[in-house]
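Everything on this sheet refers to the single structure shown next.
The values are calculated or read from the model by the stated rules, or taken from the named source; none is laboratory data. The shown structure was predicted, so the numbers you read here are calculated from the model rather than taken from an experiment. Cβ placement follows ideal geometry from the backbone for every residue including glycine, while neighbour counts extend to all protein chains displayed.
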Amino acid sequence: MTPPAGSEGSVPVPLFLNGEGMRGGRVHPGIARYPFLGEARTAPRYRFYACEGGFPALWPVTEGGVSVPGELYALPLAAVRDEFMPVEPPELELAVIELADGSASLAVVLRPEVHARGEGLVDISDSGGWRAHQASPGHR
C-alpha cells in the first residue's frame, strides 16, 4: 500500500545508535522521546572506531568484522533528517546497516574520505562497544 503523498516524513524507521545517543550518553536527551526498541547488535560486518572529538564510528568491511553493540530506536524519517543528522559530526554519514538478526536499520558510519585519511581514528573493534571503551583504563 502506498502512503498518502506528504506522509513519508512521519514513517518511523529503525535507527541504530552505538555512541553518546544511547541511554546514559551525553546526547541521549535528544533521542529519549522516541520509542526504544531494545538493545541490538550489528552483523559481524563492521570495524568500530573511536574518532578524534570523542565519538564512535562504524566502518563496513568484507572480512575481519565484529558485531558492535548498541540500541535501536524508532524515529520518523523527518526526525532523522531534521533533528538527528544536523547534530552528527561531519565525519559521519547516514547509511543502512545490517543487524545481527539479519534486519536492516539506519545508522551513521564513517565517511569514506575520513576512513581513507585515517587521521584521528583508533580501532576499538575488540573493546566490546562504546560503553566498554569509555570505561577502559586506557581511554583518554
Odd one out for Arg47 among (1) charged (D, E, K, R); (2) surrounded by 12 or more Cβ atoms within 10 Å (Cβ to Cβ); (3) modelled with pLDDT under 95: (3)
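Looking at the structure I just gave you, is Val27 surrounded by 15 or more Cβ atoms within 10 Å (Cβ to Cβ), in contact with a helix residue (DSSP H, G or I) (Cβ under 9 Å, 6 or more places away or on another chain) and modelled with pLDDT under 95?
yes
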Criterion violated by Glu83 - all others in (1) at pLDDT 95 or above; (2) touching a strand residue (DSSP E or B) at 6+ places or on another chain (Cβ under 9 Å) satisfied: (1)
Single condition Gly9 does not satisfy, out of (1) in contact with a strand residue (DSSP E or B) (Cβ under 7 Å, 6 or more places away or on another chain); (2) surrounded by fewer than 16 Cβ atoms within 10 Å (Cβ to Cβ); (3) modelled with pLDDT of 95 or more: (3)
Considering residues of the stretch 30-39 that are in a strand (DSSP E or B) and out of contact with any Pro (no Cβ under 8 Å at 6 or more places or on another chain) only, the residue surrounded by the fewest Cβ atoms within 10 Å (Cβ to Cβ): Gly38
